[in-house]
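Take a look at the structure set out below.
The values are calculated or read from the model by the stated rules, or taken from the named source; none is laboratory data. Everything numeric here is computed off the predicted structure, so don't read it as measured data. FYI the Cβ positions are ideal-geometry reconstructions off the backbone, even for glycines, and counts take in every protein chain you see. To get the accessible areas, we keep the full protein, side chains included, count just its heavy atoms, and leave off ligands, DNA and RNA. Shrake-Rupley method; radii C 1.70, N 1.55, O 1.52, S 1.80 Å.
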Amino acid sequence: MLSRRRCFAAAVNRIRPLARAFCDAPDSGARRSQDHTEKVAGVKAPPDVLDVAIVGGGMVGLAVACALSNMPLTKHLRVAIIDSNPALKSRGYLDKNSIPDSRVSTVTPATMSFFKDIGAWEHVQQQRHAFFGKMQVWDYTGLGYTRYNARDVGKEYLGCVVENKVLCNSLLLRLQEELDDIENVIYPTRLVSLTFPLKSRQAGMKPTSSEPLSVGHTTEELHRSNLVKLDLSDGQSLYSKLVIGADGSKSNVRQIAGIKTTGWNYPQSAIICTVEHVVENDCAWQRFLPSGPIALLPIGNNFSNIVWTMSPEESLRHKSMSPEEFVKSVNHALDFGYGPHPRSTALDRYMEQFFSGIGNTAASTRECFEVPPKATGVVSERMAFPLSLMHSHDYVSKRLALVGDAAHTVHPLAGQGVNLGFGDAAALAKVIAEGVSVGSDVGDLTLLQRYEKDRKAANVAMTAVLDGFQKMYSVDFGPLNVVRAAAFHGAQYISPLKKNIISYAMGDTKWPLFR
């Protein structure tokens, strides 16, 4: 417990990016092509020489590219995105009336602010998304519950549920607005290998006597020898000052670079899908069950997303159930299944009265427990995947940086994983811009370490919080059940605590519990 508190104390930064870094240039508004004006000995750099190579065109990788293309200091950088996913060819708005995809993200107000800064949020708003201003959390024992409301912290909403494909599409549309040669930015291929420059080259030393220029090294070749070489599956080779690994939890970039990780597999899998209701759902619901939490998240148009954590064996069984059996199981898990509904008791009334004088009373303190809306059908494929925790020992090395799941993965019980990734994207783009402003090499280790220092503490803190919740709610033990009930009551009736929990989850505060 003491070590976990020390992890919390190390968290000195938040996810929220600084909007100033993403301001548009005063005279910029037109689309542009990437400026390839960097010169080597007076000669324009060849097309295979890059400033930044982003391996991975998922949400976080696209966010880095979008941020760099929007900042005045980095708009001129030659950036490439390397990913063979054919979805990157999408260029139009997705149909709002189609069945929502199973893969969604709950984006926080801090992430929304980042998307607005880089000009991508307006594209999200043109596609399906669902804001929610209320949330209810309880467990199967019936001993307590907590209600959260955006009004508790003076906000309109707690978050927004968006399909992953909508987030990617919105970032692509924004990139297309900024670049008139986006097809030349995206390389539809895979990374095969990375070759890092020799240490003598990295240190800027002159060629050794065994490598004289007369041997046949041209100035261009010497320049390339100071860069990272990326060999691609289509036979091409690229050279870049900086490689950004945004290629997921099984990152090829991280493995090639030899960066070690710490982590473990949870004895759980998550099953995700889309269900339908008779009425529209406007609240996020989460109930802790003996095998793990089940979440019901609004996605708009009478649809909700299910994220249900359970044992791997149970996930296989639920995946193979008939649609009718699965819907029945979902409603059972969100209602009376496994235990009773929480009920107000004399203790609740006493706590409400006792803590009412501490700070301004939160609006949700007086809200009663509610039963979630019934699911009437499952309308998408049911997908299952194993859960794990992973954290990279290093986020950066010379000419290399990791972002998103390539650097860290967390339990999905609070939907924070992608928000941590977007926080990485914002912070790294900002550090690159600061380096450009003083003429630094964007792959310089000292510069990149500022990004690592900025993000690692915040990510470790959130990882520890989520891992703690996972362990605390995975044990059915009488005394521990009482402790959990006390935690629910405290979060429900102690308004300062409730407000800090909300602010931390929204990305507005540095600390998990105290400002």
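Worth pointing out:
- Probe 1.4 Å, accessible area per residue of segment 123-193, Å²: 35 Å²
- Whether segment 286-443 is rounded, prolate or oblate, judged on the alpha carbon gyration tensor where a/c under 1.5 counts as rounded: oblate
- Each label point was placed 7 Å from the Cα along the Cα-to-Cβ direction; for His393 and Ala486 their separation is 3.9 nm.
- Nearest-0.05 FRET efficiency for Glu183 and Met472, computed from C-beta distance (R0 60 Å): 0.75
- Subtracting the Cα-Cα distance of Thr262 and Gln125 from their residue separation scaled by 0.36 nm leaves 45.5 nm.
- With all protein chains in place and a 1.4 Å probe, the accessible surface of segment 103-194 carries 44 percent carbon and sulfur.
- Over 22 Å apart at the Cα level, from the set Lys75/Lys165; Lys75/Lys241; Lys374/Lys471; Lys155/Lys499; Lys134/Lys498, are Lys75/Lys165; Lys374/Lys471.
- Between Tyr157 and Asp282, the distance separating the two model label sites (each 7 Å from Cα on the Cα→Cβ line) works out to 1.3 nm.
- Across segment 88-103, rounded Karplus estimates of 3J(HN,Hα) from the backbone phi angles (6.51 cos²θ - 1.76 cosθ + 1.60, θ = phi - 60°) give 5, 7, 5, 9, x, 5, 7, 5, 5, 8, 6, 5, x, 6, 5, 8 Hz, Gly and Pro being marked x.
- Mean Cβ neighbour count within 10 Å, used as a protection proxy, ranking 188-198, 104-114 highest first: 104-114, 188-198
- Three-way shape call for segment 224-303 based on the alpha-carbon gyration tensor, with the a/c threshold at 1.5: prolate
- Between Val371 and Asn97, residue separation times 0.36 nm minus the direct Cα-Cα distance comes to 95.9 nm.
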